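The values are calculated or read from the model by the stated rules, or taken from the named source; none is laboratory data. Since we're looking at a predicted model, the values are computed, not measured. Positions of Cβ are backbone-derived with ideal geometry, glycine not excepted, and every protein chain shown enters the neighbour counts.
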Amino acid sequence: MVLFDRHIRAVLKATFKLSKSTASEVFHQPSSHGGLGCTSLQTIATATQIGHAIQMLNSKDSTILAVAEGQLLEVIKRAFVYTPDSEDSDREAILAYLNGRDLGRLRKRGKKVDIRSLWSELPGNISASKTRIETGSGGSYLVKTADGSALDQEHIIRSIKQHMAGWQHDVWKEKVDQGKSVAYQTAASNAFLRGPTRLKPEEVVFALRARSAQLPTRSHLKKIKASKVSRCRHCTADPETRAHVLNHCPHSLDSKIKERHNKALERITTAIKRSWSEPG
């Protein structure tokens with residue numbers, strides 16, 4: 001799945017003329033979050049496996065429940081030296097195993113045991129999704145976020161995917177260059193990703209590259225080793241970054257950008273003066 005996700009990203013990078021270093025979140029985040037909406041297969045598989053396992057563990061059919069817990073305990077006994085000491089030991093061992101917690105009655109065996117099943121992969125998927133399993137009312141198994149927040153148990157697979165998209169979005173925001181615009185994206189600014197849009201194909205490509213800090217500024221070209229010079233080609237005073245071109249370079253400030261900015265300020269000033277002069 002990891003390789004398939006990588007292949008999908010490579011195809012999308014070529015289609016939208018994005019560099020190899022483009023953040024994976026650009027492709028895998030929902031369009032409402034500013035991504036292209038191509039959910040990672042790894043995310044889908046992780047959420048589906050957790051959801052399927054929890055549905056079995058919460059089955060109203062006592063036979064299915066017994067089989068699920070029995071298989072889990074079998075995996076635990078093969079991977080650990082398990083010494084139950086009370087009637088609650090099995091439930092405590094299952095929760096400790098699924099959540100990757102230490103438990104006195106579980107001691108890892110000296111020799112690693114190769115166990116491949118849904119249940120042996122489950123702790124890794126729970127950790128990867130930043131969730132945890134707790135005991136709910138009536139002895140049910142509940143999936144919660146790592147910080148204890150509740151998830152929608154009725155639609156648990158979808159809820160896990162949304163939770164994963166949420167913290168992956170936070171990771172994206174923290175990226176030094178490519179995450180700078182993420183915090184300022186809104187439903188309106190992301191509308192072109194959902195379509196239909198009046199933008200031409202080349203304008204969509206430009207928008208994606210601009211958001212991802214992939215425009216061919218000298219700073220970016222030096223970063224991807226396509227140039228040895230990072231200084232601005234016009235004023236040479238600062239590294240030619242996107243922020244410098246838009247906000248600081250005299251070449252830009254003295255052109256149409258400054259003119260449009262001043263006209264906007266004039267309209268705002270006129271509106272304020274008019275509101276003052278009108279009787280209240």
| request: Give just the number: which of (1) of a type in the set (Ser, Thr, Tyr); (2) crowded, with 19+ Cβ neighbours inside 10 Å; (3) touching a Leu at 6+ places or on another chain (Cβ under 6 Å) does SER31 not satisfy? | output: (2)
| request: Give me the pairs, please: first residue somewhere in the range 234-260 and in contact (Cβ under 8 Å) with a residue 40 or more places away in the chain, second residue anywhere and in a helix (DSSP H, G or I), beta-carbon distance under 8 Å, and either six or more positions apart or on two chains. | output: none
| query | Looking at ASP90, ASP5, which one is modelled with pLDDT of 95 or more, touching a Leu at 6+ places or on another chain (Cβ under 7 Å) and assigned to a helix (DSSP H, G or I)? | reply | ASP5
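Would you kindly identify the strands (runs of 3 or more DSSP E) lying entirely within the range 93-201 that contain at least 3 residues that are in contact with a Cys (Cβ under 7 Å, 6 or more places away or on another chain) and either modelled with pLDDT under 95 or not aromatic (Phe, Trp, Tyr) (or both)?
Once the strands (runs of 3 or more DSSP E) in the range 93-201 are filtered for at least 3 residues that are in contact with a Cys (Cβ under 7 Å, 6 or more places away or on another chain) and either modelled with pLDDT under 95 or not aromatic (Phe, Trp, Tyr) (or both), nothing remains.
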| Do you know which residues across the range 54-92 are in contact (Cβ under 8 Å) with a residue 24 or more places away in the chain and loosely packed, with under 11 Cβ neighbours inside 10 Å? | none
| Hits in the range 1-48 (condition: closer than 15 Å to LYS173 by Cα and hydrophobic (A, V, I, L, M, F, W, C)) | ALA23, VAL26, PHE27
| Yes/no for SER19 being over 15 Å from MET164 (Cα atoms), surrounded by fewer than 17 Cβ atoms within 10 Å (Cβ to Cβ) and touching a Leu at 6+ places or on another chain (Cβ under 6 Å) | no
| query | Out of (1) under 30 Å from GLY70 (Cα atoms); (2) among the polar types (S, T, N, Q); (3) more than 18 Å from the chain's Cα centre (by Cα), what's the single condition that is false for SER149? | reply | (3)
| query | Which condition number does SER212 fail, the rest of (1) surrounded by 13 or more Cβ atoms within 10 Å (Cβ to Cβ); (2) at pLDDT 90 or above; (3) closer than 21 Å to CYS38 by Cβ being met? | reply | (2)
| note | Taking the range 228-280 and keeping residues closer than 22 Å to ARG211 by Cβ, in a loop (DSSP other than H, G, I, E, B) and among the polar types (S, T, N, Q) leaves SER230, THR241
